[in-house]
1. Please go through region 410-428 and give me each residue that is assigned to a strand (DSSP E or B) and within 19 Å of Asp338 (Cα to Cα), ordered by number.
2. Looking for something modelled with pLDDT of 95 or more, open to solvent by 50 Å² or more (accessible area, probe 1.4 Å) and not in a helix (DSSP H, G or I) - is there at least one such residue anywhere in region 139-154?
3. What is the number of the single condition among (1) under 30 Å from Ala353 (Cα atoms); (2) modelled with pLDDT under 95; (3) not charged (D, E, K, R) that Ile161 does not meet?
4. Looking at this structure, is Phe337 open to solvent by less than 80 Å² (accessible area, probe 1.4 Å), in a loop (DSSP other than H, G, I, E, B) and either touching a residue at least 24 places away in the same chain (Cβ under 8 Å) or polar (S, T, N, Q) (or both)?
5. I'd like to know if region 255-265 contains one or more residues that are of a type in the set (Ser, Thr, Tyr), in contact with a Leu (Cβ under 7 Å, 6 or more places away or on another chain) and either in a strand (DSSP E or B) or within 26 Å of Phe354 (Cβ to Cβ) (or both).
6. From the list Leu285, Leu244, exactly one residue is at pLDDT 95 or above and under 22 Å from the mean Cα position of the chain (by Cα). Which is it?
7. On the basis of being without any contact (Cβ under 8 Å) to a residue 60 or more places away in the chain, more than 16 Å from the ligand (Cβ to nearest atom) and either within 17 Å of the chain's Cα centre (by Cα) or not assigned by TED's automatic domain parsing to the domain that holds Phe337 (or both), does Leu297 make the cut?
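The values are calculated or read from the model by the stated rules, or taken from the named source; none is laboratory data. Fair warning: this is a prediction, and the values are worked out from it, not measured in the lab. Note that we place each Cβ from the backbone using ideal geometry, even for glycine, and neighbour counts take in every protein chain shown. The accessibility values were calculated without ligands, DNA or RNA, using every heavy atom of the protein model including side chains. Shrake-Rupley method; radii C 1.70, N 1.55, O 1.52, S 1.80 Å.
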Amino acid sequence: MFALPETQLRRPGASAGRSFSIVTLGCAKNRSDSEGMQSLLEQRGMSECTDPAAADVVIVNTCGFLGAARDESVGVVQEFVDIKKPGQFVIAAGCMPALGDYRNDLPAGIDSILTTREWFKIGETVGSLFGEPVLPESAGCDGLTTTFTHTHAGPSAYVKIADGCDHACAFCTIPTIKGGQTSKRPLHILQETIDLVARGTKEIVFVSQDTIRYGSDLGVKNGLPELMTSVATQVPNLPWLRVLYIYPNPNVLKMIDAMAEHDTLLNYIDMPLQHAAPSVLRRMLRPSDRKLTARLLDHARKTLDDCVLRTTLITGFPGETDEEFGELLRFIETEEFDHVGVFTYSPEPGTVAFGLGDPVPAELAEERRGMIMEAQQAISYRKNQDRIGRTMTVLIEAVGESEDVEGNIEPVSVGRTWQNAPEVDGLVFLPGELPIGAMVDATIVDASEYDLWAEPVVAE
Ligand code: SF4
């Protein structure tokens, strides 16, 4: 009688009871995919192991956006391959495997690969490594129709509302990695949000690559303002809804109007502009109409009380002249954003910009980045100083200790006001150990260029 070798024998449920660990690199969208993978593996009876080296399966959710991120991803995967123990599996997931050119850069010794568009196949991928019958559980699914229960419902949570991008900015690899825009169904997003709020989350952060065009692939014109409004009206016990990655286009006006209607919708506008000189923006294949940008910023300031503006910029794009850089610096000094992120241009093979000549020397690009940061620090410092004396609500996210000048160790709580986005903006420090997830009214007593210090308001 023909007998299958041991390894061929499929053992249903063999992964149940095993442990996994997910190491997430890159952006908030990757973090959301990791949450999804975690949820699917736990549904199979597996458990999270916080020490990757001790886990039966290590999943590295890689980033492939820039060369530096790819190098880091290869390094982390290599680390786990090098310490792999018998019977342990290492999976490379995320954006790097989706970049055909770099897939081969992933270290030998990995047991499986899943691209960023396949994260929802993690269950059957892990199952087959443990010899389970390969049942295409995710047939007919995609990363945005796969609903999952967030396993971590902390004070703040990212909810990915769409993935991919229909633009083709000259420096960007995302459309190659993720493909065109695909939006998650509004009901799925609402359900995910309701679930998180029911479990104590106070801030929901909507993320995607091109958030303002949410729903366009579903045939919905003003999908994002409608979605935001439905969350504000149908999840009344959600204190804060924040949206990130807003591409500058006229739809932003409707989003601003929706923000003005509902307190839940934070008056926080994160609009990466990348540059301000129309000639550079045209070479970047990005909107170069300065009047539109001015109209959007002006509408926000006129319509929203206390609105907070964040942008992201690139210095050193091929051909960037001193005059063009000067235009960018003046733009920042004039517009006075609350928060600015600045990156130096990174030449990415496969992008339109990679073929552009006239590179800007890396040192000059870095020098220009430094000049923008310096100008922004002065603006940010003054704006933070103006917040001293104000009483604001702080979402407590961590507690720790600090040492005072006499060397005494004191408990300290760390949080954010609605004016600061998670992970990218400044923090608020308060004395004492406050409950994580609490929303505390506090009076700002001191400020640096990025952070604030506050005293909790003592109820009378
Ligand atoms: S809009 Fe953003 S994600 Fe899309 S191509 Fe441009 S930079 Fe990349």
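1. Keep residues of region 410-428 that are assigned to a strand (DSSP E or B), which gives 410-416, 428.
Across region 410-428, the qualifying residues are Gly415, Arg416, Val428.
2. No: zero hits.
3. Of (1) under 30 Å from Ala353 (Cα atoms); (2) modelled with pLDDT under 95; (3) not charged (D, E, K, R), only one is false for Ile161: (2).
4. On the way: open to solvent by less than 80 Å² (accessible area, probe 1.4 Å): yes; in a loop (DSSP other than H, G, I, E, B): yes; either touching a residue at least 24 places away in the same chain (Cβ under 8 Å) or polar (S, T, N, Q) (or both): yes.
So Phe337 passes the test.
5. No, every residue in region 255-265 fails to be of a type in the set (Ser, Thr, Tyr), in contact with a Leu (Cβ under 7 Å, 6 or more places away or on another chain) and either in a strand (DSSP E or B) or within 26 Å of Phe354 (Cβ to Cβ) (or both).
6. Values: Leu285 fails: under 22 Å from the mean Cα position of the chain (by Cα).
Result of the check over Leu285, Leu244: Leu244.
7. no
One line per residue, one yes/no per condition, for (1) surrounded by fewer than 17 Cβ atoms within 10 Å (Cβ to Cβ); (2) closer than 21 Å to Gln385 by Cβ; (3) in contact with a Cys (Cβ under 7 Å, 6 or more places away or on another chain):
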site: Pro411; (1), (2), (3): yes, no, no
site: Gly415; (1), (2), (3): no, yes, no
site: Gln419; (1), (2), (3): no, yes, no
site: Pro422; (1), (2), (3): no, no, no
site: Gly426; (1), (2), (3): no, yes, no
site: Pro435; (1), (2), (3): yes, no, no
site: Val440; (1), (2), (3): no, no, no
site: Ala447; (1), (2), (3): no, yes, no
site: Val457; (1), (2), (3): yes, yes, no
